Amino acid sequence: MRVAATVPARLRTATEDVTLTSGRTIKAGEHVAILTIPANTKEEDLFGAEPQIFNPHREVGKVAPWGLTFGSGSHTCPGRPLVTGGRSMRADTEIDGSLVTVARGLYRAGMELDPDSPPRLDPATHYNNYVSVPVRFSGAKAVATAARPASERQ
């Protein structure tokens, strides 16, 4: 979610003149934007080595692994806990949000991109939205294992 945010920018209108810590001045009425993906992928000290590359096993310390994908402060998305659940990204708890739970189940089932049918970007938008992302699963055993309750998995 941090590397491929569904909302690539957050737009705001300044309600008063403000000077940023960088020294840049923004006048009341000016439109400003935070470009989410660049903000989520530039800081190695926050997001680890090569933050622009997807790595679900990355150690990020005390930083939210989803970066600014859900906003922050008073504008934080109220649905974030539903999606991400607890802060743990190590699968050491069954209390995860719906997106994390579904994604883990799909990966346990051996989901991978279909090499014979690559993803296709939607040409009608400048966002990284896809018309299709074909996947395949690497075997019935993996699917059967993922479908069993955690207490029965080995």
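Values quoted throughout were computed directly from the atomic coordinates according to the rules given, and no laboratory measurement underlies them. What you are looking at is a predicted structure, and each value in this text was computed from that prediction instead of being measured. All Cβ positions, glycine included, derive from the backbone under ideal geometry; neighbour counts span all protein chains shown.
A few comments on the model shown:
- Computed from label points 7 Å out along Cα-Cβ, the spacing between Ala28 and Ser138 is 6.0 nm.
- For region 1-77: Kirkwood Rh in Å [reciprocal of mean 1/r, alpha carbons]: 13.8 Å
- In region 18-54, trypsin sites (Lys or Arg not before Pro) in a DSSP loop with at most 10 other beta-carbon atoms within 10 Å: Arg24, Lys27
- Of interest is the spacing of the C-alpha centroids, which for region 101-141 and region 29-52 amounts to 25 Å.
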